[in-house]
Structures are given as C-alpha cells and as structure tokens.
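Working notes for the structure below.
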Amino acid sequence: MKKPLQINPLKLSQPMGALLAFLGVKNCMPLMHGAQGCASFTKVFFTRHFNDPIAIQTTAVNDITAIIDGGDYSISEAIKNITKKVKPDLVGLFTTGLTETKGDDIKGATLLVKDKQKIVYVNTPDFEGGLESGWSLSVQAMISQLIVPQVTINPNKLLLLPNVNLTPIEVEKIKESIELFGFEVIALPDISESLDGHLGEKQGSMSAGGVEVSTIELLGDSGIVISIGESMKKCGEKFKEIQPLSQHFHLSSVSGLIDTDNFYKILMGYKNIKTPPPSIIRWRKRLQDALLDTHFLIGSSNIVIADEADKSYALSKALKEAGAKISSVIVPTRSAINAFIESEKVLIGDMEDLENALEDCEVIISNFHAHRIAQKHHKALILRGFPNYEQVGNNMNNDVLYEGSCYLLFELANLIRESREKH
C-alpha cells in the first residue's frame, strides 16, 4: 500500500489477537494493560461476533497514572481487585500502544506479583503487527513462561498450534481427526472448548473452557508439534527450543484437497501406517466429487478476498483447486505467506482497496465491514474473518480438512448461482 493512511481499515490490533489467545486457556483472566476504552471496545467487538460474553479486565490507565506510574502500581492494583472476586488459574497480561509508548516494564511488574498470582506477560503494541501476530506472540509467551522442560518425550503426545483464523469448530475437527491416529492431542490455545457457543451454567467472569494451565505446564514431553498457519511457525520453533527431541511439522493450511493430503501424510508417516481411517477416505472421495460438482460455477467466477494473511492463503488455495479466478487479495499486514497466496494481485491494504478491486468481480469474501460495499456494488458476499455481526453460528463455520472444504465449495457455488439468477 502506497497511501499514507488507511481508509475504512481492514486490520485488527495485536491486543485483540492476544485476548483471543488467552480465552483459549481455562479459567484465565485476560488483563489488558491500557486505557479503559481499549478493553471496552475489544470486549464489545468480540461479544457481538461470538454472541457470548467475553471475559476481559483492564488496568484502566488514565491521564494521571500514564504520567506518574511505571505500570507496577496499575498492574498490582488490577490483580488485587481481580483476585478479590475470582481466583483465576492464570492472568494473561498484554499491553497496548499507550503503555508500550511510555515504556512500562511489564516483566518487572509481573515479578512483583508472581507469588500471589500465576501470570503470563506479553508485549503487544497496537502500532505494529495485527491480529495474527498478537495471537502468535501470546502463544509464544505461554510456551516459554509456562511449559516445564522435560528430559524425555511421549511419541504419542501431540501439541497442536492453530492460528487465530481457525474457528472453534475447525480446531475441534482437526483435533478429532488427529485422535483417529491414536494421538493424545492438546491444542494451545484451545478455543474449541471456550468460544464454541456452548450454553454455560451462568455468565462467567473468566474464560469458560479451554486447555488447563496444569496441562500446558506438562506439554514439555510432547513428541510431535504441528503448527498451522505462517503466523504460528515461530511458536513451533519456540517449543523446539524447550524440547529439542520433539518433531516439528509446519503446515500453511489444512483446507482443500492438496493441503489436507499433506496434513494426513504427516500423521501417517509419523505413525508409519499406509492407510488412513475409513472415515477420512470417505470424506476425501466426497471432496473429489464436490470439486467436480462445483467447478462449472466456481470455475467461471471472479473472486476478491479481503482477510488475514493465513486465512486468505487457505481460501485462495482451496478455491483455486475448483478453478476459481481470484483477481485480488487484500491483506492487512505483512507476512511471509503473502508471496504464496494464489491470486493475480496481492495487496497490503484496507477496505477502500477492496472497493477499488471490484471491477469484473462477482464474489467478495471478507468480514462484516464488506457488507455495505457488496450491497453498493451488487456483489455476492461470503462472510469470513472478524467481525461477523451479520450471522449467528459463525463459530461453527468449517472450511478445513476434506469435510469443511466440501462445505466451503458448496456454499460458494450456491451463492454464485443465486447471485446470477438475481442479477
């Protein structure tokens, strides 16, 4: 992008990614070190997206404490107030642009309260990076600050490192598929048990599910690590520093036929088996048939994608298999995966750039903020990414593995048919 500013931004901030990561840990209290408005906006944003209460606390830095406090007092007082009401297993402390700019020492502040409360800290200024990097940095912090190193490994224990774009049901489906091969699977973080839309007994003030802190601490003997998404590659490498005996496999995507094949090849190769479980074979045949059934419609369409880099890569790769023409992809931040996105044009930009890329386009794939643009230009829209205020059940959207790829192709093909009949 050559513009000096963003118009109708696509990018979401690092603290928002950090919040989601900590919500994947059971009984965790995410603590945003910044102004009260930052936490309020983020809470409302994700509450509307998931249609569920979102747990978050703030140190509520104001104009006075921003000047005279180095962060120690605000953080200590916030934790004292939190622990008066609830007893979190973990506090996830992450920063904002305000506290990063004034240079608060959150590591030092954490050391002052570590005897009273288990805490993980991470620097996530919102003047750099984005949603994916905020999630990734938080996972790296959990790996380095919580996991206890082990001298031996359990070859059947698998650590799954999903990226922020994977919905709760997608994380669950990936876990279930891995378990078919006889692995004990632990996802870090695990939003499939906390943000999946399950009906709880009451509105909780902490995360309502996810991986337990005690389980994270014992991950040091994991024999195999699988990271999904370019943003999570460093997380796998971070774990390898703790446990050099483990094997790290990285996948940029697990959507579409080819990338899902690669995913199962890793599991089969590690287990030294030649034939996957029958249900996997059956779903692969269904995806092959889905590619045949949908390629007449998808193959004649022109698509524009505006989403996070890892999600854009996964979508473009899967849809290209069905013959789609993807004329433009707009991503919010720089990523190594941008060079491999299957598109005629890849741009780091905003929603204005999306609107300028709609010539000859038939379908837009983006978040809720593209809804007005799609209506204005009479384009079909598939909602993906954050936020999705238009639909309920978006935490159940499944685009991964053979099964989810079938659903994605059917959804797109049916939308194209309806759009052509309408216009």
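One line per residue, one yes/no per condition, for (1) part of a helix (DSSP H, G or I); (2) of a type outside the set (S, T, N, Q); (3) surrounded by fewer than 19 Cβ atoms within 10 Å (Cβ to Cβ); (4) at positive phi:
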| site | (1), (2), (3), (4) |
| --- | --- |
| L111 | yes, yes, yes, no |
| D115 | no, yes, yes, no |
| F127 | no, yes, yes, no |
| S136 | yes, no, no, no |
| S144 | yes, no, yes, no |
| Q150 | no, no, yes, no |
| L159 | no, yes, no, no |
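Taking the range 370-402 as the range and being open to solvent by 40 Å² or more (accessible area, probe 1.4 Å) and either in contact with a helix residue (DSSP H, G or I) (Cβ under 6 Å, 6 or more places away or on another chain) or not assigned by TED's automatic domain parsing to the domain that holds S300 (or both) as the test, the residues that pass are Y389, E390, M396. Out of curiosity, is A339 aliphatic (A, V, I, L, M) and free of Cβ contacts under 8 Å to residues at least 24 places away in the same chain? Yes, satisfied. Taking the condition open to solvent by 60 Å² or more (accessible area, probe 1.4 Å) and either at pLDDT below 95 or outside any helix (DSSP H, G or I) (or both), does S300 pass? In short, yes. Only a single criterion out of (1) modelled with pLDDT under 95; (2) under 22 Å from E170 (Cα atoms) is not satisfied by K285, namely (1).
Looking across L287, L251, L315, one residue alone is more than 25 Å from S13 (Cα to Cα) and among the hydrophobic types (A, V, I, L, M, F, W, C). It is L287. Number of residues in the range 320-334 that are assigned to a loop (DSSP other than H, G, I, E, B), touching a residue at least 40 places away in the same chain (Cβ under 8 Å) and within 23 Å of the chain's Cα centre (by Cα): the value is 2. Considering the range 161-176, and only residues there that are out of contact with any helix residue (DSSP H, G or I) (no Cβ under 6 Å at 6 or more places or on another chain) and not charged (D, E, K, R), the residue that is most open to solvent (accessible area, probe 1.4 Å) turns out to be L166. For the range 212-232, the criterion of a residue being over 19 Å from L166 (Cβ atoms), hydrophobic (A, V, I, L, M, F, W, C) and surrounded by fewer than 22 Cβ atoms within 10 Å (Cβ to Cβ) is satisfied by at least one position. Set side by side, the residues K233, K265, K240 differ, and just one is in the same structural domain as P189 (by TED's automatic domain parsing), out of contact with any helix residue (DSSP H, G or I) (no Cβ under 9 Å at 6 or more places or on another chain) and over 19 Å from K175 (Cβ atoms), which is K240.
Hey, can you tell me all the residues within the range 233-246 that are open to solvent by 10 Å² or more (accessible area, probe 1.4 Å) and either touching a Gly at 6+ places or on another chain (Cβ under 7 Å) or more than 14 Å from P155 (Cβ to Cβ) (or both)?
We begin by selecting, within the range 233-246, every residue open to solvent by 10 Å² or more (accessible area, probe 1.4 Å); these are 233-234, 237-238, 240-242, 244-245.
Within the range 233-246, K233, K234, E237, K238, K240, E241, I242, P244 qualify.
Quick grid of which residues meet (1) open to solvent by 20 Å² or more (accessible area, probe 1.4 Å); (2) over 23 Å from P277 (Cβ atoms); (3) at pLDDT below 95:
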position: A141; (1), (2), (3): no, yes, no
position: I153; (1), (2), (3): yes, yes, no
position: N156; (1), (2), (3): yes, no, no
position: E184; (1), (2), (3): yes, no, no
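This table checks each residue for (1) in contact with a strand residue (DSSP E or B) (Cβ under 8 Å, 6 or more places away or on another chain); (2) open to solvent by less than 20 Å² (accessible area, probe 1.4 Å).
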| residue | (1), (2) |
| --- | --- |
| V331 | yes, yes |
| R334 | yes, no |
| E352 | no, no |
| E362 | yes, no |
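Summed over the range 21-37, the residues that are surrounded by fewer than 24 Cβ atoms within 10 Å (Cβ to Cβ) and part of a helix (DSSP H, G or I) give a count of 2.
Show me the helices (runs of 4 or more DSSP H) found entirely inside the range 50-103 where at least 1 residues are under 27 Å from the mean Cα position of the chain (by Cα) and within 16 Å of D126 (Cβ to Cβ). Walk me through how you get there before you give the answer.
Numbers: elements: 65-68, 72-85, 97-101.
Because the criterion is at least 1 residues that are under 27 Å from the mean Cα position of the chain (by Cα) and within 16 Å of D126 (Cβ to Cβ), the helices (runs of 4 or more DSSP H) in the range 50-103 that meet it are 97-101.
In the range 399-423, the residues that are acidic (D, E) form Cβ pairs under 6 Å with partners that are surrounded by 14 or more Cβ atoms within 10 Å (Cβ to Cβ), at six or more places apart or across chains, as follows: D399/S255; D399/L408; E403/W283.
The values are calculated or read from the model by the stated rules, or taken from the named source; none is laboratory data. For clarity, every value in this text was computed on a predicted model and none was experimentally measured. For neighbour counting, all protein chains shown are included, and Cβ atoms are generated from backbone atoms with ideal geometry for every residue, glycine included. We work out accessible area using only protein heavy atoms, side chains counted, and drop any ligands, DNA or RNA first. Shrake-Rupley method; radii C 1.70, N 1.55, O 1.52, S 1.80 Å.
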